[in-house]
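Quick notes on the structure that follows.
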Amino acid sequence: MFKLSIYCVIALIICSSSVSARPLVRQIKSAREFERLVEKHATSTGLPVIADFYSDGCGPCRQIAPVFKQLAEQTGQENAVFVKINTQMVPELSGKYNIRSIPTFIFFHDGKQVDLIQGASGQALQQSISGVVNRSQRENVKLTKEALVEYYKEVDEETSEEKIDSVYKKCVEVKKKNNPNKECLGGAATQLARRLKQKYEKRVETTLRFTDEHRKPTDATSSKDSKDGSNSSGSASSSRKSHTNPDKPNLHLASKEELMEELEKRVEAEEEAREEEEDDMAEFEHSYVPSDFPERVTIIGGGPAGMSAAIYAARAGLKPVVVAPPGGGQLNGKGVEVENYPGLANVTGPEVVAHMRAQAAEFGAVFECELVTKIDTNQHPFKVFTNSSEITTHTIIVATGAESNWLNIPGEYEMRGGGVSSCAVCDGAAFYGMDVIVVGGGDSAMEEALFLARTSKSVTVVHRRDEFRASKIMAQRVIDHPSIRIQWNSTVKEIIGEKVLHETNDEDGDESVDLDNAQLYVSGAILADVHTGQESTISAAAVFVAIGHTPSTQFLKDIVDFNENHSGYVLTQQGSTRTSLAGVFAAGDVSDAIYRQAITSAGSGAAAALDAERWLSEEGLGNEEAEFEADLMAELMAEDNDTASNADHYNVYEDVAGNVAGMKESSAATAEL
Ligand SMILES: Cc1cc2nc3c(=O)[nH]c(=O)nc-3n(C[C@H](O)[C@H](O)[C@H](O)COP(=O)(O)OP(=O)(O)OC[C@H]3O[C@@H](n4cnc5c(N)ncnc54)[C@H](O)[C@@H]3O)c2cc1C
């Protein structure tokens, strides 16, 4: 009985193994899944991983999607791994890889990012793909110590054992990561082989680091065991290897439990592969597609205000269009938990917005992933323009939030990306263990300082007054923090930097300096005392500017009234989200200079959707599509009636036994005559 069941399990495993192939283009669902995948291919197959960062509301992403798939097909699964990452669904990865525009393609080889291209150019994509594939093949090399010893025996007998040892060690040291057995591998081995050939005019014998068997397309993440033995799961597949292929489980030696585990794993992989195919179909399901009728509600902005307006409008059946670039507004910069949003615990800013977006999409909101460049309200319905589309709409909800302010001092612009930042969550990790400066005295500055204090050696908060403008609790946390120093009554006059010459390790271990690419990096700042004017210099590796925001309202100039007391903020009517122009509503930070919180923005977003819905009802607008359909139906019915009056009708009836019988009415009438 036991024997029989074990054979059944083996049979099932064998059957399932034939379908657990890696999907052609894998849809990544979590940051962990992606990181595991990159690591897996660095250690077990040597295949490059090519990631398409996209969003389902982005026109260029839609255009390039079939090209990406086609290139994946052409390249072949034995040469590269292709994945897609929805920036809205996995915001952590967009933050980690600093995705600033979409589509962005990132190329990983040997666990490292080796190339990046932005935009939907099929040609550029193709070039980069072949570049990374060639590199991965070129570097799929292992040079053994024995082969090196043999080589020197042939080319230069005099070479001492110590010298050979040191050459080999140098090669091993270059490849520190993903090299648990301390071997001479990959790019380092390729370079060493090339140098030896140049010097002695004879090739050294190398072997393949990963064989075709390793690179063939089986599901990479479902199998937890790696070639190097790292990540060993202890399952049948890792504990009892086959003699012919060490990565294949020897099913005959496995216990029943191990077999069951293996089976479960393969079934999971099979399901995952099927899901990928389905996901692939649904990839752009929530994208905006122009219609013949005006939209009822167009929401500009994809932060908490825009998303909550979208949820309300979608639930009211208004099928809103949300126009916003990728990223979820200001909360996107909050990689730590949002602690004050009622009902939400343990979720980061990007996750909050991603959840809101998913909820809106579920109820029928569609997305156009673009920046609004202008709106035309001279006629009704209005027109909303982006660089690639034009949306005709009855109402507009403006939820464009606010943008970071800058100091506009020397060094600030030049060193953005080189230590000057307005987002600690995005860039803070790069300054781990270093001294940093935060400029400002509001809540944002407190947030940035506290965030940075977790990873930086010290944080100096520079503030021009002698007390913070931030909420008391946040200010007190900063004042009490042992790693935070406060420079009161001071302004930053200049950000100073120095050119850092990148020392690169040649793959064969030689150090070289890239003089052409020397970049300017922050080394400190010159501060000025606001009372005495006295200047002082402090050293720091980064300056985080947190001095508030400016509402994004450029496209509304001369269209709606602005708040006289708060420059740039849209004026709304008391107790409403209505602006000075009928049919245009404003919600969130763009019209709120006082509260500027996620919850208040979400609240006013909901109010704006309700206001828009009411306005459409009052004006009797937005029913064109339904009216058109009703007219069409009426016409068809009329046509049908005309035809019906001349046609034969069936007089169908059911007898007591339930048999259906019938006779043409015209025939019946004739029969009666
Ligand atoms: C670092 C940081 C931490 C924060 N932490 C918290 C917190 O813990 N709790 C809390 O309640 N609040 C917090 N806030 C404040 C909160 O993020 C904001 O109040 C909230 O995000 C405002 O929402 P919004 O939708 O009005 O605007 P935003 O979130 O700013 O969203 C604006 C949206 O409009 C889009 N947009 C702008 N211009 C255009 C255009 N021309 N065309 C199309 N789209 C456009 C943007 O891309 C974005 O999608 C924090 C803010 C920051 C900066």
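Residue count for the stretch 575-600, restricted to those that are polar (S, T, N, Q) and over 19 Å from T395 (Cα atoms): 2. Of all residues in the stretch 306-335, those being near the ligand (Cβ under 8 Å from one of its atoms) and over 27 Å from S291 (Cβ atoms) number 5. If you filter the stretch 359-389 down to residues that are over 26 Å from T600 (Cα atoms) and free of Cβ contacts under 8 Å to residues at least 60 places away in the same chain, you find that the one that is farthest from the ligand (Cβ to nearest atom) is Q379.
Give the residues of the stretch 367-395 that are modelled with pLDDT of 95 or more, hydrophobic (A, V, I, L, M, F, W, C) and under 26 Å from L610 (Cβ atoms), sorted by residue number. Result: V372, I375, F382, V384, I391. Every test in (1) within 16 Å of the ligand (Cβ to nearest atom); (2) at pLDDT below 85; (3) assigned to a helix (DSSP H, G or I); (4) in contact with a strand residue (DSSP E or B) (Cβ under 6 Å, 6 or more places away or on another chain) is passed by D279 save one, and that test is (1). Annotation: of all residues in the stretch 479-490 being in a strand (DSSP E or B) and free of Cβ contacts under 8 Å to residues at least 40 places away in the same chain, the one that is farthest from L452 (Cα to Cα) is I486. Restricted to the stretch 396-420, and to residues that are among the polar types (S, T, N, Q) and either within 16 Å of the ligand (Cβ to nearest atom) or under 23 Å from the mean Cα position of the chain (by Cα) (or both), which residue is modelled with the highest pLDDT? Step by step, filter the stretch 396-420, then rank; the result is T400. Residues that are under 21 Å from A72 (Cβ atoms) and not in a loop (DSSP other than H, G, I, E, B) within the stretch 95-105 comprise T104, F105, listed in sequence order. Of all the residues in the stretch 438-485, those that are among the hydroxyl-bearing types (S, T, Y) and crowded, with 18+ Cβ neighbours inside 10 Å number 3. If the condition is being surrounded by 19 or more Cβ atoms within 10 Å (Cβ to Cβ) and either touching a residue at least 40 places away in the same chain (Cβ under 8 Å) or among the hydrophobic types (A, V, I, L, M, F, W, C) (or both), then the stretch 136-166 contributes S136, E139, N140, V141, L143, L148, Y151. Taken over the stretch 578-603, the criterion of being assigned to a loop (DSSP other than H, G, I, E, B) and of a type outside the set (D, E) is satisfied by T579, S580, L581, A582, G583, A587, A593, I594, Y595, R596, Q597.
Within the stretch 605-624, is even one residue near the ligand (Cβ under 8 Å from one of its atoms), within 30 Å of the chain's Cα centre (by Cα) and on the phi < 0 side of the Ramachandran plot? Among the residues of the stretch 605-624, at least one is near the ligand (Cβ under 8 Å from one of its atoms), within 30 Å of the chain's Cα centre (by Cα) and on the phi < 0 side of the Ramachandran plot, which makes the answer yes.
Among Q137, Q127, Q113, which is the only one that is assigned to a helix (DSSP H, G or I) and within 30 Å of E370 (Cβ to Cβ)? Reasoning before the result, please.
On the way: Q137 fails: within 30 Å of E370 (Cβ to Cβ); Q113 fails: assigned to a helix (DSSP H, G or I).
It is Q127.
Residues in the stretch 283-305 that are farther than 19 Å from T377 by Cβ and near the ligand (Cβ under 8 Å from one of its atoms) were compared, and the one that is surrounded by the most Cβ atoms within 10 Å (Cβ to Cβ) is A305. Looking for whichever is within 19 Å of V560 (Cβ to Cβ) and surrounded by 12 or more Cβ atoms within 10 Å (Cβ to Cβ) here; the options are A593, A606. Which one fits? Only one candidate qualifies: A593. Residues in the stretch 550-577 that are within 34 Å of the chain's Cα centre (by Cα) and either part of a strand (DSSP E or B) or under 20 Å from T386 (Cβ atoms) (or both): T550, P551, S552, T553, Q554, F555, L556, K557, V570.
When S421 is tested against the conditions (1) under 30 Å from R614 (Cα atoms); (2) crowded, with 24+ Cβ neighbours inside 10 Å, the lone failure is (1). Test K112 against the criterion of being closer than 26 Å to T211 by Cβ and assigned by TED's automatic domain parsing to the domain that holds Y54, and give yes or no. Yes; evaluated as a whole, the condition is true for this residue. Does S101 satisfy the condition of being in contact (Cβ under 8 Å) with a residue 12 or more places away in the chain and surrounded by 19 or more Cβ atoms within 10 Å (Cβ to Cβ)? No; evaluated as a whole, the condition is false for this residue. Please work out if A189 is assigned by TED's automatic domain parsing to the domain that holds V204, buried (at least 19 other Cβ atoms within 10 Å of the Cβ) and of a type in the set (A, V, I, L, M, F, W, C). Spelling it out, A189 is indeed assigned by TED's automatic domain parsing to the domain that holds V204, buried (at least 19 other Cβ atoms within 10 Å of the Cβ) and of a type in the set (A, V, I, L, M, F, W, C). Any chance the stretch 609-624 includes a residue that's of a type in the set (F, W, Y) and either without any contact (Cβ under 8 Å) to a residue 12 or more places away in the chain or not in a helix (DSSP H, G or I) (or both)? The answer is no, given that none of the residues of the stretch 609-624 is of a type in the set (F, W, Y) and either without any contact (Cβ under 8 Å) to a residue 12 or more places away in the chain or not in a helix (DSSP H, G or I) (or both). Selection within the stretch 544-559: residues that are under 21 Å from T377 (Cβ atoms) and crowded, with 22+ Cβ neighbours inside 10 Å. The member of this set that is modelled with the highest pLDDT is L556.
The values are calculated or read from the model by the stated rules, or taken from the named source; none is laboratory data. Everything numeric in this text was worked out from a predicted model, so none of it was measured. For neighbour counting, all protein chains shown are included, and Cβ atoms are generated from backbone atoms with ideal geometry for every residue, glycine included.
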